[in-house]
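Everything below concerns the one structure shown next.
The values are calculated or read from the model by the stated rules, or taken from the named source; none is laboratory data. All of these numbers come straight from a predicted model, not from anything done at the bench. Cβ placement follows ideal geometry from the backbone for every residue including glycine, while neighbour counts extend to all protein chains displayed.
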Amino acid sequence: MSKPVLATTSLAGCFGCHMSFLDIDERILELIELVEFNKSPIDDIKTFTKQCDIGLIEGGCCNSENIHVLKDFRKNCKILVSVGECAIMGGLPALRNGIPVEECLREAYLDGPTVGLNTEKILPNDDELPMLLDKVYPCHEIVKIDYYLPGCPPTADLIWNALIALITGDELKLPYEVVKFD
Amino acid sequence: MKDKVQDIIKKYHDDKTRLMDILIDIQAEYNCIPGEAIEIIAGQLNMSKVDVEQTLSFYHFFTTEPNGKYTVYLNDSMVAEMMGRDEIARAFEEEAGTTFGSVTEDGLIGLFNTSDIGMNDQEPAALINGVPFTSLTISKVKELIAGFKAGKEVKDMIGQTGDGNNSDPRIMSMVNNNCLKRIGSIMCLEYETGWALRRTVHITREAVIEMVKRSNLRGRGGAGFPAGLKWEFCRKSEGDATYLVCNADEGEPGTFKERVVLTEMPEQLFEGMAIAAYAINAKEGILYLRAEYIYLRDYLEDVMETMRKDNLLGKHILGVEGFDFDIRIQMGAGAYVCGEESALIESMEGKRGEPRNRPPFPVQAGYMNQPTVVNNVETLSTVVKIMLNGPDWFKAIGTPESAGTKLLSVAGDCKKPGVYEFEFGTKVNEVLDLVEATSVQAVQIGGPSGVCINPEMFDRNISFEDLSTGGAFIVIGKDRDLLQDVVTNYIDFFIEESCSSCAPCRSLTVILRGKLQKLLNGHGTMNDIDELYRWGQFMKQANRCGLGQTAANPILTTIENFRPLYEALVKTDEDYMSEFDMSKAVEESCKYVDRVPNVH
Ligand SMILES: Cc1cc2nc3c(=O)[nH]c(=O)nc-3n(C[C@H](O)[C@H](O)[C@H](O)COP(=O)(O)O)c2cc1C
Ligand code: SF4
Ligand code: SF4
């Protein structure tokens with residue numbers, strides 16, 4: 001039987017969830033025996049080359065690009081998992097929700113303390129750039145999400161246990177240490 | 001300003017636990033609490049400015065900007081909406097020339113929404129500078145605004161005064177008590193003030209507790225905890241002093257029975273408080289009165305004064321050496337959660353009304369960290385009748401687990417809203433008949449935190465073992481849109497009133513509201529209904545106090561009892577549907593950066 005295929009991506013996230021994924025340490029050797037990676041920053045495959053079994057999503061959706069990638073993942077993965085607070089709730093980026101987009105852009109590009117080099121007061125509007133959404137959306141408001149792994153980031157053990165459960169079909173082990181956050 | 005503010009602080013002996021009173025007086029003086037006053041308070045009370053601000057920002061009726069010489073707080077509770085408050089709101093806006101949530105440019109008129117004000121039997125209703133105006137009509141609104149512009153006194157604009165003691169010179173309110181429609185067998189039993197207390201002081205404190213225990217009297221404020229047991233716990237707790245608190249916060253939308261008790265039989269309440277104080281040996285009692293009932297304050301003070309003269313309050317009550325007890329009124333400032341007993345205590349200590357972690361319970365460490373009994377108005381008033389007629393007489397009324405009677409505040413789609421005294425065990429149908437409700441889709445028992453029942457359940461009864469209620473009984477007629485008009489209003493209420501300490505109470509309420517809206521927008525799936533239910537159940541376990549624990553009840557109980565209404569909203573077989581609309585989502589940002597949206 002061929003190995004299950006795994007894809008991962010980081011949308012409006014900080015890559016912290018991917019770093020936590022890498023925190024499985026030497027178990028990564030076990031993992032590559034168990035799964036085949038497809039589109040993912042881990043192997044740097046940029047586009048889907050085949051139908052995948054599991055997609056791990058880090059981060060919510062803050063721009064049009066995130067939406068396209070997420071929908072692409074839904075199309076190409078049998079199971080989608082929201083990994084971490086940002087994917088599940090919007091997380092830190094969603095702090096801008098409730099502040100008008102105009103104000104955010106003004107602060108980021110025109111008035112903020114770090115805009116020194118933008119002497120021409122240019123707002124990013126090239127057609128090639130992703131368009132900013134009115135707010136940051138959690139993934140499950142855009143596509144169907146099958147599972148959620150909480151945490152910021154979820155611990156390596158939680159990600160590992162969840163993956164193993166998905167691959168083997170065994171029940172997910174959730175000891176308290178794995179989901180406690182304080 | 002400095003002198004005036006300092007005078008106010010001095011009136012409360014520079015005591016920072018009296019911050020609520022200080023802020024209330026300042027708000028009344030300036031129509032707001034100016035920044036300068038905050039600084040003076042902080043200096044004088046030796047607190048940081050943020051400590052003052054955090055109390056101040058918690059309460060609905062404290063503002064940092066002037067809220068108008070005439071300040072209208074229009075009730076936006078569900079029954080108010082049923083009775084046409086939106087039309088009244090439009091009329092206020094048109095006549096005043098400003099919108100809700102703001103003040104006219106000349107600072108004359110402020111229009112604001114507020115949660116239930118305890119007048120659901122005579123909606124639409126508003127508080128104007130603390131004075132209730134009920135059964136509002138468009139012509140009354142016109143008259144009011146014209147009056148404001150002519151500089152009239154608010155209390156001169158009420159027109160005719162209401163029934164019963166509402167016409168007492170000490171109240172002079174237009175409120176109608178639609179008074180106690182059925183002369184009930186306990187609360188409303190006529191008696192002479194002082195008799196029960198006379199009997200009480202002839203027996204020991206322990207014997208009083210024993211009597212109340214034997215009577216099986218359970219708390220009327222919602223939770224139904226046995227009153228005698230609570231007193232006994234308190235009596236056994238160690239402390240330097242013991243306090244008795246009467247909870248008259250009555251914030252649950254649809255409840256207004258305490259308004260009627262306080263207006264028509266305050267002596268009975270104060271006597272009940274004195275009996276409880278005797279039992280637990282409390283010298284100091286506090287009546288926590290919701291801000292919305294401030295129009296009753298002078299009257300209540302006067303009643304207490306008379307009782308002091310009659311030696312029913314004060315020192316050596318009824319000549320008994322060592323039986324000293326007096327009551328002060330603590331006003332609230334608009335926060336439903338302050339009805340929760342530990343939040344109430346925080347508020348009485350001058351802090352934000354955030355519920356405490358328990359244990360310790362108030363009977364162990366309550367007000368000022370001392371043993372404290374908190375009881376509801378109705379509970380304490382009922383004690384009087386138990387002392388008069390004995391526990392066995394009391395126990396014989398009602399059902400095995402719910403002794404006695406219950407005051408119900410009936411409102412909504414019926415001909416005779418008002419307060420009624422019913423024996424526990426009375427069937428919903430009997431209540432509906434009596435209040436002349438003929439075309440009934442649902443009854444909301446116990447306000448937003450209670451249950452919404454369907455007609456098949458109308459033969460069930462009002463009692464702790466069946467349908468428990470703190471007093472609200474809201475009739476919802478057949479032509480109402482239950483989910484759109486009732487459930488969303490209730491969830492909005494909880495979102496507004498959550499103290500926000502617990503993440504689920506703060507966030508999941510909003511998420512559930514969004515999901516419900518998705519269904520109402522016609523974009524929901526069966527799966528959304530299941531998730532609403534599953535997520536809603538989580539609220540019961542994951543929040544600190546009763547507010548959060550019951551905040552999903554409007555959704556949970558309507559899914560349980562009116563599931564077809566939800567299913568009718570689902571227009572698809574798909575198990576997932578997104579409401580996301582890319583064109584809309586990028587519109588604003590593209591416009592601002594000057595770019596043509598490129599959506600495909
Ligand atoms: C959010 C919330 C609001 C409450 N509001 C009231 C109230 O307005 N009046 C009341 O007596 N009890 C209220 N309670 C119940 C009180 O916490 C407490 O149980 C009650 O005052 C005890 O008195 P009892 O035993 O006489 O009923 C509320 C509880 C919660 C959780
Ligand atoms: S959940 Fe935390 S770690 Fe993961 S992307 Fe968001 S901020 Fe980073
Ligand atoms: S449940 Fe809600 S109201 Fe109660 S303490 Fe928690 S956040 Fe505050």
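Quick look at the values:
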quantity: Answer from B:Glu206, B:Glu210, B:Glu271, B:Glu284 - the residue that is within 13 Å of B:Ile327 (Cα to Cα), in contact with a helix residue (DSSP H, G or I) (Cβ under 9 Å, 6 or more places away or on another chain) and surrounded by fewer than 20 Cβ atoms within 10 Å (Cβ to Cβ); calculated: B:Glu284
quantity: Test: residue in the range B:531-542 that is buried (at least 17 other Cβ atoms within 10 Å of the Cβ), among the hydrophobic types (A, V, I, L, M, F, W, C), touching a residue at least 40 places away in the same chain (Cβ under 8 Å) and more than 13 Å from every other protein chain (Cβ to nearest Cβ); calculated: no
quantity: Set B:Lys518, B:Lys540: member being within 16 Å of ligand 1 (Cβ to nearest atom), among the charged types (D, E, K, R) and assigned to a helix (DSSP H, G or I); calculated: B:Lys540
quantity: Of residues in the range B:549-560 being β-branched (Val, Ile, Thr) and touching a strand residue (DSSP E or B) at 6+ places or on another chain (Cβ under 8 Å), the one nearest to the other protein chains (Cβ to nearest Cβ); calculated: B:Thr558
quantity: Test: residue in the range B:487-500 that is assigned to a strand (DSSP E or B) and either surrounded by fewer than 19 Cβ atoms within 10 Å (Cβ to Cβ) or modelled with pLDDT of 95 or more (or both); calculated: no
quantity: Matching strands (runs of 3 or more DSSP E) fully within the range A:38-150 where at least 2 residues are aromatic (Phe, Trp, Tyr) and either away from every other protein chain (no Cβ under 11 Å) or closer than 14 Å to A:Ala12 by Cβ (or both); calculated: A:147-149
quantity: Residue ID - nearest to the other protein chains (Cβ to nearest Cβ), chosen from residues in the range B:561-585 that are of a type in the set (Ser, Thr, Tyr) and more than 30 Å from A:Ile122 (Cα to Cα); calculated: B:Tyr576
quantity: Residue in the range B:586-595 that is within 14 Å of chain A (Cβ to nearest Cβ) and within 16 Å of ligand 1 (Cβ to nearest atom) present; calculated: no
quantity: Leading residue by the ranking (farthest from the other protein chains (Cβ to nearest Cβ)) among those in the range A:10-37 that are more than 16 Å from ligand 2 (Cβ to nearest atom) and not in a helix (DSSP H, G or I); calculated: A:Glu26
quantity: Test set (1) away from chain B (no Cβ under 14 Å); (2) within 24 Å of A:Leu129 (Cβ to Cβ); (3) aliphatic (A, V, I, L, M) - A:Val5 fails condition number; calculated: (2)
quantity: Any chance B:Leu508 is in a helix (DSSP H, G or I), under 30 Å from B:Gly222 (Cβ atoms) and more than 11 Å from every other protein chain (Cβ to nearest Cβ); calculated: no
quantity: Search result, residues across the range A:59-114 that are aliphatic (A, V, I, L, M), in contact with a strand residue (DSSP E or B) (Cβ under 9 Å, 6 or more places away or on another chain) and farther than 18 Å from B:Ser507 by Cα; calculated: A:Ile67, A:Val69, A:Leu70, A:Ile79, A:Leu80, A:Val81, A:Val83, A:Val101, A:Leu105
quantity: Residue within the range B:333-348 that is away from ligand 1 (no atom under 16 Å from the Cβ) and either away from every other protein chain (no Cβ under 14 Å) or among the aliphatic types (A, V, I, L, M) (or both) present; calculated: no
quantity: Residue check, B:Pro400 over 17 Å from the mean Cα position of the chain (by Cα) and part of a loop (DSSP other than H, G, I, E, B); calculated: yes
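One line per residue, one yes/no per condition, for (1) under 17 Å from B:Asn67 (Cβ atoms); (2) buried (at least 16 other Cβ atoms within 10 Å of the Cβ); (3) hydrophobic (A, V, I, L, M, F, W, C):
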| position | (1), (2), (3) |
| --- | --- |
| B:Glu94 | no, no, no |
| B:Gly101 | yes, no, no |
| B:Gly110 | yes, yes, no |
| B:Glu123 | no, yes, no |
| B:Val131 | yes, yes, yes |
| B:Thr134 | no, yes, no |
| B:Ala150 | no, no, yes |
| B:Lys155 | no, no, no |
| B:Asn165 | no, yes, no |
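Listed here are the residues, each with its yes/no results for (1) within 16 Å of ligand 3 (Cβ to nearest atom); (2) hydrophobic (A, V, I, L, M, F, W, C); (3) part of a helix (DSSP H, G or I).
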site: B:Val260; (1), (2), (3): no, yes, yes
site: B:Leu269; (1), (2), (3): no, yes, yes
site: B:Ile275; (1), (2), (3): no, yes, yes
site: B:Arg308; (1), (2), (3): no, no, yes
site: B:Glu321; (1), (2), (3): no, no, no
